[in-house]
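Contents: one structure, followed by commentary.
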Amino acid sequence: MGFYVPDNVVTNDDLSKMMDTDDQWIQERTGIKERRWVNPAIDSTSGMGVKAARMALERANMKATDIDFIVFATLSPDYYFPGPGVLVQKELGLDTIGALDVRNQCSGFVYGLSVADQFIKTGMYNNVLVIGSELHSGGLDKTTRGRSVSVIFGDGAGAAVLTATDDTSGILSTHLHSEGAHAEELALIGPATNRWVNEIIEENDENDESYFPYMNGSYVFKHAVTRFPQVINEALDANGYQPSDIDLLIPHQANLRISQFIQKTMRLRDDQVFNNIMKYGNTTAASIPIALTEAVEEGKVKPGDLICLAAFGSGFTWASALIRW
Ligand code: COA
């Protein structure tokens with residue numbers, strides 16, 4: 001595992017200088033104290049992914065050239081097309097291996113893991129690099145109009161190197177879901193083919209919010225606190241485990257209140273749930289690999305532990321992975 005976050009720390013007090021918000025509101029509703037925003041001259045979505053990947057490779061004692069396939073999850077790609085997977089292939093100096101881009105927002109990393117897991121289990125690839133990276137800060141509405149969204153999201157990247165093994169450790173199962181009926185409740189509508197950039201320029205409407213992320217916060221919250229426990233229980237049931245068997249649950253860092261809700265619903269102890277949203281905000285596809293890397297660094301993930309990853313977000317999509325570390 002590896003991760004990278006930009007050095008630039010943006011506190012809640014910093015935000016209150018840009019928009020009508022305050023530290024107390026943000027901490028009470030989300031648990032977030034600070035987040036990182038890139039310096040665009042230094043960092044990009046693919047570039048942060050590469051930095052996280054280099055750390056993961058070093059810790060796995062592997063060379064970049066050992067990688068057989070790249071999976072890159074993001075909702076904030078460098079370009080409209082191509083996706084950032086190919087930029088990682090170029091930057092790491094890899095041969096012409098395949099690079100797949102995953103578009104599942106907050107669930108992107110778990111979706112990506114599931115792809116890597118299947119490729120390894122079928123024997124097609126031995127070593128797969130999975131990256132989740134997000135650069136939100138450049139696209140947020142940093143005025144009071146966008147405050148309910150912009151205070152939540154942060155920049156960063158996390159990466160995992162998955163490798164084939166003969167022992168009983170590894171990904172036990174993954175569980176993927178979607179419900180497109182709610183697609184527009186957490187979305188960025190334009191520019192895209194539904195709202196071309198020339199249409200936006202022609203209209204030249206300074207009140208047009210279609211190119212900022214939109215989130216129906218309370219609606220998302222209600223669905224999240226239902227879907228998270230469901231998909232965690234699905235993973236446990238599939239493998240014959242109980243919530244008490246989980247050594248560490250790493251939920252997607254959407255909102256500390258959501259994590260606390262899941263913990264209470266599932267009757268988990270404090271030491272069974274890992275949260276770091278306080279430091280980084282919601283980094284979407286990057287949040288789980290960043291949190292998992294920090295949990296490993298803090299000695300909270302030990303060989304033999306039962307680790308559960310779970311995510312919910314835009315789509316709506318939600319997913320879980322159960323791992324014997
Ligand atoms: N600072 C201060 N006030 C703010 C604010 C901010 N950053 N953002 C919104 N407000 C105000 C609103 O304008 C509203 O004021 P009003 O009552 O005068 O109209 C009030 O706070 C309550 O807004 P509301 O949106 O109802 O707050 P909420 O309790 O639903 O909390 C979220 C908002 C976004 C924190 C909450 O809905 C949430 O966490 N949702 C899930 C978000 C999430 O996890 N997204 C990622 C999913 S992957």
Any chance segment 107-120 includes a residue that's at positive phi, more than 12 Å from the ligand (Cβ to nearest atom) and in contact (Cβ under 8 Å) with a residue 40 or more places away in the chain?
-> no
Filter segment 195-221 down to residues that are in a helix (DSSP H, G or I) and surrounded by 15 or more Cβ atoms within 10 Å (Cβ to Cβ), then give me how many there are.
-> 4
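Looking only at segment 115-123, decide whether some residue is outside the structural domain of Val231 (by TED's automatic domain parsing) and in a loop (DSSP other than H, G, I, E, B).
Just the residues of segment 115-123 that are outside the structural domain of Val231 (by TED's automatic domain parsing), to begin with: 115-123.
Filter once more, so that each one left must be in a loop (DSSP other than H, G, I, E, B): 122-123.
Scanning segment 115-123 turns up at least one residue that is outside the structural domain of Val231 (by TED's automatic domain parsing) and in a loop (DSSP other than H, G, I, E, B).
Given the criteria at positive phi and in contact (Cβ under 8 Å) with a residue 60 or more places away in the chain, does Gly217 qualify?
Criteria not met by Gly217.
The values are calculated or read from the model by the stated rules, or taken from the named source; none is laboratory data. Since this is a predicted model, take the numbers as computed values, not measurements. Virtual Cβ from ideal backbone geometry, glycine too; neighbours counted across all protein chains shown.
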